[in-house]
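Colleague: Sharing a structure here in structure tokens format.
The values are calculated or read from the model by the stated rules, or taken from the named source; none is laboratory data. Small disclaimer: the values here were computed from a predicted structure and weren't measured. Note: ideal-geometry Cβ built from the backbone for every residue, glycine included; neighbour counts use all protein chains shown. To get the accessible areas, we keep the full protein, side chains included, count just its heavy atoms, and leave off ligands, DNA and RNA. Shrake-Rupley method; radii C 1.70, N 1.55, O 1.52, S 1.80 Å.
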Amino acid sequence: MLFNSIDFALFLPVVFALYWFVFQRSLKAQNLLIVVASYVFYGWWDWRFLSLIAFSTLLDFGIGLMLGREERAARRKLLLAASIIVNLGFLGFFKYYNFFLDNFIAAFTVMGMPIKVGMLHIVLPVGISFYTFQTLSYSIDVYCRKLEPSKDPMAFAAFVCFFPQLVAGPIERATNLLPQFFRPRIFERAKAVDGLRQMLWGMFKKVVIADNCAEYANLIFNNSSDYSGSTLALGAVLFAFQIYGDFSGYSDIAIGCSRLFGFDLMRNFAFPYFSRDIAEFWRRWHISLSTWFRDYLYIPLGGSRGGARTKVRNTFIIFLVSGFWHGANWTFIAWGLLHALFFLPLLLASRNRDNLTPVALGRVMPSFGELRRMLGTFAMVCVAWVFFRAEDLGHATRYIADMGTGLLAKAGYVETYNLIYWDLGYSIPALIAFLLVIEWKGRLDRHALEFFGFLSPRVVRWAFYSFIILLIGLFVPSGESPFIYFQF
Amino acid sequence: MKGFARSVLLFVMFASMFYAGGILTLGLARVSALHLNFKFLDSPSLTLLRVGDVQNLDAVDVLFLGSSRVFMGFDTRIFNAHGYSAFNLGTVAQTPVQTAMLLDRYLDGIAPGLVVYEVYLEGFGNDGVESAIDMLGSDRIDMHAWQMVNTVRNPTAYHAFFFAWIEERSGRLLQFTDDSSGYLPMSGYIDREVKFNGTMGRTYPHRDVEVLGQQWQAFLHIVEKLKERNIPLLLVQAPVPSERYDAMTNRDSIHGLLRSQADFLDFNRILTLDDSLHFEDDSHLNQTGAEVFNLKLIELLAAGHPREARQQNSGQ
């Protein structure tokens, strides 16, 4: 079920009403309702893969219990290894099997030993990368004794399949989310209202910004050889807003929706395009994945302790694995590598923690220097997005080369102007500007519309929210448009 | 909790009014912008005149239905000259969804002896929004219009429906003022000067024509409705330039589907027209082409009509 669908618009109020009006007296009943609702939500897409989630739930619940009882270090390691192997085994099979096979065949062919192996037609279960990492975090935290193993299978099942964040995150840490399933839930009006506000902004980012930018980003990327350098640059910028609107929009809806049910999910985006360097960008983009890799990979590898070589090695590992997590394609690995290369100078100069506070703190506008650094960072991010969006490495390198050389040709700007004037229109740039203004205004808050909650009188607030709803209605595409991160 | 529910309800009412006000403002300000799910017709189309005429029409021998290829391709004067009374109810980009609505509204009033439906194949893959807006801007707003909009299921169509409904309720009915259009009163046809195909040399990607579920369902509804009233239906594919005709790779399978429902004549096979001399553009016949096409159709109708033409039609 998609958040931006009529199905979900009917599903959510029904579950909400049952949760607070029918099952409010019993925590167990509320958890059961969450499990049932989550399975319906997921099964709407493909019920066959519910068995995978159920298996993953049972496996990690069982391993957690055994880890809780087991004191022998070797046995505990074995249990953790079992959880990691089985979870990553599923992920590897569904997501990476054909990629590895393809590359083995290519490698043997290059060595003059062509082999013939049949590829499998594998359907990637939606959200497998997300819930796999979430359940892994549980096993690892129980193993590290950061968390008591859950003895309530229903609460644990609800933690694994919690529908707002099941298919595209935020990837929750068990230490944050699981305990919330054991605490009695009291309806908090302010929290629920703010949740709705966040959902509204998320919906705006998805259906207005992402889906409208997607039309032209797709047009330019799919016909990149026909366009001038400046148009290719426009395509990269549009894709930057598409993916930001799409993914951060999903996260906002997920977090807001969770708050309606009394849950607090971790933040996933913190206005990343206002970053002044790449290090800051990574503290603000897909925070739940970055911190997952930091906690469960970077730090166990030694983190930034040790010499420069260790730091560089660990940084590259993190970025490459992060790229590969996104998909079984060399383009994602190249995307990760490029970000590692952007990050490296900051790391070596020990300047990767220069910008820990929000930009222009205490001021309305950024300084010229801040603006220059934000634009520079955004440009680097856009170049990297080309790899993320391209069909293959050849396409990405051609796109970037044509963009670089073509930017100097004046004739290309006429084509870009015509594309903006005749096809893109002024509405999409105006909507992006609206997004940036609102996000800039709310950059110190947890989400862009949070400060609107303090505006008075109420009619002003409501008029503003209604205006956003009107924009959604006026710019929503007519067809179904799934979220990009569903494929990861 | 109750306070929250009450606030949500109040907000929904407030937002609905705000939304309605926004759509009205856009409509009254004649706003039309790219990507906006709101399209305002700057001037009403000829559909306004056709639906006006059709309501004053006595029974006709032949009723023509379909897209602009109909009101530019079936010259009712030629049919009149051969003893057939006829009316042309072709409208802009009409798809089966709109055809079904027109029949639901007007069929019993017209009581035609024969319905000739031009099945513009690409119409089956058309979302129907353009025609929906044309209809909403030209005809009355009633349950048939609501059903049509609900079938099209597009925000632009919903907005147009709402605005047209308000316009109608407020008595601000559209008046057609442009008399230079060549529209022939009580005929539906558009008389125009002969132009020659300006799109010669254009190539078309070869691709399958999509058949959308809602369009096919509407088409079946049309067939069923006419069967119920014992009104013969003749499906016709009017000629198109050869490049465009050949680009429809699944054409034959769609023709097969059409033949399974009613008599069907493909005039691209029956006639050999000149892509340059007989067409106005890549979709429409010019007056010369329309005359050749109409005379052939009359000949087939006079000869006992389509059943005898089947062999010719299927190229056998």
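Colleague: Return only the number of the condition from (1) outside the structural domain of B:L277 (by TED's automatic domain parsing); (2) in a helix (DSSP H, G or I); (3) open to solvent by 20 Å² or more (accessible area, probe 1.4 Å) that B:G171 does not satisfy.
Modeller: Unmet for B:G171, out of (1) outside the structural domain of B:L277 (by TED's automatic domain parsing); (2) in a helix (DSSP H, G or I); (3) open to solvent by 20 Å² or more (accessible area, probe 1.4 Å): (2).
Colleague: Given the conditions (1) closer than 30 Å to A:I122 by Cα; (2) within 32 Å of the chain's Cα centre (by Cα), and given that A:A107 satisfies all but one, which numbered condition is not satisfied?
Modeller: Unmet for A:A107, out of (1) closer than 30 Å to A:I122 by Cα; (2) within 32 Å of the chain's Cα centre (by Cα): (2).
Colleague: Then there's this: In this structure, is B:Y19 at pLDDT 95 or above and surrounded by fewer than 20 Cβ atoms within 10 Å (Cβ to Cβ)?
Modeller: Against the criterion (at pLDDT 95 or above and surrounded by fewer than 20 Cβ atoms within 10 Å (Cβ to Cβ)), B:Y19 qualifies.
Colleague: I'd like to check something: does region A:293-314 contain any residue that is surrounded by 16 or more Cβ atoms within 10 Å (Cβ to Cβ), outside the structural domain of A:R173 (by TED's automatic domain parsing) and closer than 19 Å to A:C382 by Cα?
Modeller: no
Colleague: So for region B:47-69 (the condition being open to solvent by 10 Å² or more (accessible area, probe 1.4 Å), more than 22 Å from the chain's Cα centre (by Cα) and on the phi < 0 side of the Ramachandran plot), does at least one residue qualify?
Modeller: Within region B:47-69 (the criterion being open to solvent by 10 Å² or more (accessible area, probe 1.4 Å), more than 22 Å from the chain's Cα centre (by Cα) and on the phi < 0 side of the Ramachandran plot), the answer is no, since none of the residues qualifies.
Colleague: Looking at region A:152-170, which of the residues that are part of a loop (DSSP other than H, G, I, E, B) and modelled with pLDDT of 95 or more is nearest to the other protein chains (Cβ to nearest Cβ)?
Modeller: A:F162
Colleague: Regarding A:V437, is this residue more than 14 Å from every other protein chain (Cβ to nearest Cβ) and among the β-branched types (V, I, T)?
Modeller: It is true that A:V437 is more than 14 Å from every other protein chain (Cβ to nearest Cβ) and among the β-branched types (V, I, T).
Colleague: Being without any contact (Cβ under 8 Å) to a residue 60 or more places away in the chain and either more than 14 Å from chain B (Cβ to nearest Cβ) or in contact with a Gly (Cβ under 7 Å, 6 or more places away or on another chain) (or both) is the filter here; which residues of region A:443-488 pass it? First the steps, then the outcome.
Modeller: Here is the first cut: in region A:443-488, the ones without any contact (Cβ under 8 Å) to a residue 60 or more places away in the chain are A:445, A:451, A:454-464, A:466-467, A:470, A:473-474, A:478-479.
Passing the criteria: A:D445, A:F451, A:F454, A:L455, A:S456, A:L470.
Colleague: Taking A:V123, is it open to solvent by less than 80 Å² (accessible area, probe 1.4 Å), within 21 Å of A:F324 (Cβ to Cβ) and in a helix (DSSP H, G or I)?
Modeller: Judged against the criteria, A:V123 is not a match.
Colleague: Out of the helices (runs of 4 or more DSSP H) lying entirely within region A:173-250, which hold 3 or more residues that are within 14 Å of chain B (Cβ to nearest Cβ) and farther than 26 Å from A:Q134 by Cα?
Modeller: Because the criterion is at least 3 residues that are within 14 Å of chain B (Cβ to nearest Cβ) and farther than 26 Å from A:Q134 by Cα, the helices (runs of 4 or more DSSP H) in region A:173-250 that meet it are A:189-203, A:211-222.
Colleague: Any chance region B:97-117 includes a residue that's away from every other protein chain (no Cβ under 14 Å), part of a loop (DSSP other than H, G, I, E, B) and more than 24 Å from B:M186 (Cβ to Cβ)?
Modeller: There is no residue in region B:97-117 that is away from every other protein chain (no Cβ under 14 Å), part of a loop (DSSP other than H, G, I, E, B) and more than 24 Å from B:M186 (Cβ to Cβ).
Colleague: Right, next: Starting from region A:396-423, keep only residues that are farther than 19 Å from A:V383 by Cβ, then list their pairs with residues that are assigned to a helix (DSSP H, G or I) and of a type in the set (A, V, I, L, M) whose Cβ atoms are within a distance under 9 Å, requiring at least 6 positions of separation or different chains.
Modeller: A:L419/A:L219; A:L419/A:I220; A:L419/A:L234; A:I420/A:L234; A:I420/A:I428; A:D423/A:L219
Colleague: Every residue in region A:375-394 that is more than 19 Å from A:L320 (Cβ to Cβ) and either touching a residue at least 24 places away in the same chain (Cβ under 8 Å) or touching a strand residue (DSSP E or B) at 6+ places or on another chain (Cβ under 6 Å) (or both), please.
Modeller: Once the filter is applied, which keeps residues that are more than 19 Å from A:L320 (Cβ to Cβ) and either touching a residue at least 24 places away in the same chain (Cβ under 8 Å) or touching a strand residue (DSSP E or B) at 6+ places or on another chain (Cβ under 6 Å) (or both), region A:375-394 yields A:T377, A:F378, A:C382, A:E391.
A quick yes/no check of all residues on (1) within 14 Å of chain A (Cβ to nearest Cβ); (2) outside any loop (DSSP other than H, G, I, E, B):
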| residue | (1), (2) |
| --- | --- |
| B:S7 | yes, yes |
| B:L10 | yes, yes |
| B:S16 | yes, yes |
| B:L26 | yes, yes |
| B:R30 | no, no |
| B:R50 | no, yes |
| B:F87 | no, yes |
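Colleague: If I filter region B:146-168 for residues that are more than 14 Å from chain A (Cβ to nearest Cβ), within 14 Å of the chain's Cα centre (by Cα) and surrounded by fewer than 19 Cβ atoms within 10 Å (Cβ to Cβ), do I get at least one hit?
Modeller: Let us first name the residues in region B:146-168 that are more than 14 Å from chain A (Cβ to nearest Cβ), namely B:146-148, B:164-168.
Then keep just the ones that are within 14 Å of the chain's Cα centre (by Cα); that gives B:148.
Still in the running and surrounded by fewer than 19 Cβ atoms within 10 Å (Cβ to Cβ): none.
No: region B:146-168 contains no residue that is more than 14 Å from chain A (Cβ to nearest Cβ), within 14 Å of the chain's Cα centre (by Cα) and surrounded by fewer than 19 Cβ atoms within 10 Å (Cβ to Cβ).
Colleague: Across region A:15-49, what is the number of residues that are of a type in the set (A, V, I, L, M, F, W, C) and either open to solvent by less than 30 Å² (accessible area, probe 1.4 Å) or within 14 Å of chain B (Cβ to nearest Cβ) (or both)?
Modeller: 15
Colleague: Follow-up. Among the candidates A:K95, A:K77, single out the residue that is open to solvent by 50 Å² or more (accessible area, probe 1.4 Å) and either within 30 Å of A:F324 (Cβ to Cβ) or assigned to a helix (DSSP H, G or I) (or both).
Modeller: None of the other options fit; the residue is A:K77.
Colleague: Can A:V142 be described as in the same structural domain as A:R267 (by TED's automatic domain parsing) and farther than 19 Å from A:A37 by Cβ?
Modeller: Against the criterion (in the same structural domain as A:R267 (by TED's automatic domain parsing) and farther than 19 Å from A:A37 by Cβ), A:V142 does not qualify.
Colleague: Please specify each residue of region A:426-446 satisfying the condition of being farther than 30 Å from A:L361 by Cβ and buried (at least 16 other Cβ atoms within 10 Å of the Cβ). Walk me through how you get there before you give the answer.
Modeller: Just the residues of region A:426-446 that are farther than 30 Å from A:L361 by Cβ, to begin with: A:426-428.
The answer is A:S427, A:I428.
Colleague: Report whether or not B:R30 is basic (K, R) and under 21 Å from B:P155 (Cα atoms).
Modeller: The answer is yes for B:R30.
Colleague: Output the residue which, of all residues in region B:269-288 that are crowded, with 18+ Cβ neighbours inside 10 Å and more than 20 Å from the chain's Cα centre (by Cα), is nearest to B:T76 (Cα to Cα).
Modeller: B:H278
Colleague: So, one more: So A:W201 fits all but one of (1) under 18 Å from the mean Cα position of the chain (by Cα); (2) under 24 Å from A:W45 (Cβ atoms); (3) surrounded by 24 or more Cβ atoms within 10 Å (Cβ to Cβ); (4) not acidic (D, E); what number is the exception?
Modeller: (2)
Colleague: Would you confirm, using the coordinates I've provided, whether B:G256 is open to solvent by less than 30 Å² (accessible area, probe 1.4 Å), among the small types (G, A, S) and either modelled with pLDDT of 90 or more or at negative phi (or both)?
Modeller: Values: open to solvent by less than 30 Å² (accessible area, probe 1.4 Å): no; among the small types (G, A, S): yes; either modelled with pLDDT of 90 or more or at negative phi (or both): yes.
In short, no.
Colleague: What do you reckon, is A:R267 open to solvent by 30 Å² or more (accessible area, probe 1.4 Å), modelled with pLDDT of 95 or more and outside any helix (DSSP H, G or I)?
Modeller: yes
Colleague: If you don't mind, there's one more thing I want to ask. In this structure, does A:L65 turn out to be assigned to a helix (DSSP H, G or I), of a type in the set (A, V, I, L, M) and buried (at least 16 other Cβ atoms within 10 Å of the Cβ)? Show your work before the answer.
Modeller: On the way: assigned to a helix (DSSP H, G or I): yes; of a type in the set (A, V, I, L, M): yes; buried (at least 16 other Cβ atoms within 10 Å of the Cβ): yes.
So A:L65 passes the test.
Colleague: Test A:M111 against the criterion of being modelled with pLDDT under 85 and touching an Asp or Glu at 6+ places or on another chain (Cβ under 8 Å), and give yes or no.
Modeller: No: the conditions fail for A:M111.
Colleague: Among the numbered criteria (1) within 28 Å of B:S170 (Cα to Cα); (2) within 14 Å of chain A (Cβ to nearest Cβ); (3) in a helix (DSSP H, G or I), which one does B:K39 miss?
Modeller: Of everything listed in (1) within 28 Å of B:S170 (Cα to Cα); (2) within 14 Å of chain A (Cβ to nearest Cβ); (3) in a helix (DSSP H, G or I), B:K39 misses just condition (3).
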